[in-house]
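The values are calculated or read from the model by the stated rules, or taken from the named source; none is laboratory data. What you are looking at is a predicted structure, and each value in this text was computed from that prediction instead of being measured. Neighbour counts are summed over all protein chains in view; Cβ atoms, including those assigned to glycine, are modelled from backbone coordinates with ideal geometry.
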Amino acid sequence: MGAAQGAKGGRAGARAVRSGGDAGPAGWLAGAALALAALIAPAGMLRAEEVIVSHGITTFNGDELKLPADFPHLPYVNPEAPKGGEISLAAVQAGFDSMNPFSVKGRAAQGSPMMLESILTGTADEIGASYCFMCITMEYPPDRSWVVFNLREDVKFSDGSALTSEDVIFSYQTLLTKGLSDFRTVLAQQVEGAEALGPHKVKFTFLEGVPTRDLPATVGSLPILSKAHYEANGLDLEESSMVPFLGSGPYVPQPVKSGTSVSYRRNPDYWAQDLPLGIGQNNYDVIRYEYFAEPSSALEAFKGGAYTFREESVAKQWAEQYNFPAVLNGTVKKAALPLGTKANGQSWVFNLRREAWADRRVREAIALMFNFEWSNQVLFYGAYERIDSFWENSWLEAEGPPAPEEAAILKPLVDEGLLPAAILTDPPVSPAVSRAERQLDRGNLRKASALLDEAGWEPGADGIRRNAGGQVLRIEFLEDNPNFERVIAPFVENLRAIGIDASLNLIDSAQYEVRTRNPAYDFDIIGSFTQTGYFSGAELRQYYGSETADISVFNAAGLKSPAVDRLIGVVMAADSMESLTTATHTLDRVLRYEQFRIPMWHKAESWYAYYDMYEHPAELPPYSTGYLSWWWVNPDKAAALKASGALRQ
């Protein structure tokens, strides 16, 4: 899924679009071409099945791909960008002990999926489009009940071995049975099987009766492993391992000497470097991550030249901490780059697996006590806007009372008692607005107190709220980032003011990972990202489906809502932009009604600080800044920095 131009101005974490691949030779058909396949009908009559053959696919039949088959390079890259140099970044985490990003066991190294690629790829200036990368063309019928990928014969793994259909089939079967449960949630329920039609021809067939709109792109986006390497090294997708997977990507992991630094070196023999999707990308010789246990130590290390590129996410630090000598003398540049993606969904998420948070009124009361307006003014320098919708900063955000088309989808759920009647007439649930003049908003305090009284949590003589069984209403904010302490501490104070025994527990990242993942799910409320796609589909089951509530690393809340499950199906079945937009609006309304999260904030730009040797195209695409992919190092500036002693490398 791509990202879309938004309506309000939001922010999503900058992520480099995977580079490499080939749009095909100039002779490829530009767009969807039709071919006839003769089939024998049961009555013995000859009929023709329409088959689309193309260099890519869009979400909806009939939509045109932005890039023709013979495009020379991506429009937003510099085809003359020099190769060389290094970019180094910080990873704030207590080290790593695994190179397997598909297992819940261990702590995977930053960048550990970097060497893995997929058959199809997207771009950073288009949404709802996937282009042939490892394939020359793809074939599928209008109903998308199957797809065939005609693989390129020149795709090589980084050890020089050829990638074939056998590797694709092996990767699919492995992801179907091992590793993160989220892959199998999608594959097992929608894909009938995969077969090799030749050494470089693979067919996926989809189950009857399931929405197939996104399935060609879904199976085309699976990471491809080397079967020979996997088996020869006794790897297991379920287990933690320091043996990296062998992939076909532009970067190869370097031997790890400790769990405090990891680097990836550009493969000079990368198979796609001179192809249209590879030109102007993958420009660094080395991408390196340095690990730091604390955010403050990471910032201080950057000031001292321990690493070269930093994305800042804390408004206070951006406003106050970037006045050190290297910034003042121009050695380090500051840049606020616009980003047109929808908001990243940053929120506090309740653990609905715990009985205390099963009552929606309790969740609503707690949410009322977060004063965003005061926090933004006092703590954030007015830099943020409040997140509201799950599709914030896009045309998919629900607004106002439901349109008749939305109400028609919602009414059966109301009639079955799954939703209240008010959802048919009221605007979607939005975070309460508080007064910015003081930390504790008295009006919201009264509303929250009334909700807790109604839910059976009454204050005792000591002011602490208890239920009829004498259980204390207690909530622990679990956090591994000390930067959030100054935000959560006032929130905790407000909660204690209405009789909730609230606290903040700062732990290290290793403990945090153990406590927040299955099977433990040992938390009350955590900071998370409530993810969505622009053209959402089966991935919604991973994030919000009942079947993933107790197994997924993405469904942090453990949401089990029959209404949400039904609407996910409606979104998946949408067969036009209009119907998808309507279905997404209804799902947004219901997700917001459930109030299992407390939305945080977002901004319409990315904040970067970097040593002045990096350059980028004058016009960046709207949906990614691409600093790991299509930026490059100016060799003269890099040499001057090293000669000056500004960098510790």
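Listed values, structure above:
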| read-out | value |
| --- | --- |
| Subset tally (residues that are in contact (Cβ under 8 Å) with a residue 60 or more places away in the chain and over 20 Å from the mean Cα position of the chain (by Cα)) for the range 498-524 | 7 |
| Which numbered condition Ser624 misses (of (1) small (Gly, Ala, Ser); (2) over 30 Å from Ala421 (Cα atoms); (3) surrounded by fewer than 23 Cβ atoms within 10 Å (Cβ to Cβ)) | (3) |
| The range 610-641: number of residues that are under 18 Å from Gly280 (Cα atoms) and either touching a strand residue (DSSP E or B) at 6+ places or on another chain (Cβ under 9 Å) or part of a loop (DSSP other than H, G, I, E, B) (or both) | 22 |
| Wholly enclosed helices (runs of 4 or more DSSP H) of the range 340-435 bearing at least 3 residues farther than 21 Å from Leu540 by Cβ and within 29 Å of the chain's Cα centre (by Cα) | 360-368, 372-378 |
| Where Val256 falls short, out of the listed (1) part of a loop (DSSP other than H, G, I, E, B); (2) at pLDDT 95 or above; (3) among the aliphatic types (A, V, I, L, M) | (2) |
| Tabulated pairs, the range 390-401, first on the phi > 0 side of the Ramachandran plot, second surrounded by fewer than 24 Cβ atoms within 10 Å (Cβ to Cβ) and charged (D, E, K, R), C-beta under 7 angstrom, 6+ apart or interchain | Asn393/Lys8 |
| Qualifying residue in the range 293-308 (condition: free of Cβ contacts under 8 Å to residues at least 40 places away in the same chain and basic (Lys, Arg)) | yes |
| Single match in Pro223, Pro268, Pro255 (criterion: surrounded by fewer than 23 Cβ atoms within 10 Å (Cβ to Cβ) and touching a helix residue (DSSP H, G or I) at 6+ places or on another chain (Cβ under 9 Å)) | Pro223 |
| Number of positions in the range 95-114 that are under 14 Å from Val252 (Cα atoms), surrounded by fewer than 23 Cβ atoms within 10 Å (Cβ to Cβ) and of a type in the set (A, V, I, L, M, F, W, C) | 2 |
| Close pairs (7 angstrom Cβ cut-off, 6 or more residues apart or separate chains): touching a residue at least 24 places away in the same chain (Cβ under 8 Å) in the range 592-616, part of a strand (DSSP E or B) and among the small types (Gly, Ala, Ser) anywhere | Arg597/Ser347; Ile598/Ser347; Pro599/Ser347; Met600/Ser347; Glu605/Ala336; Trp607/Ala336; Tyr608/Ala335 |
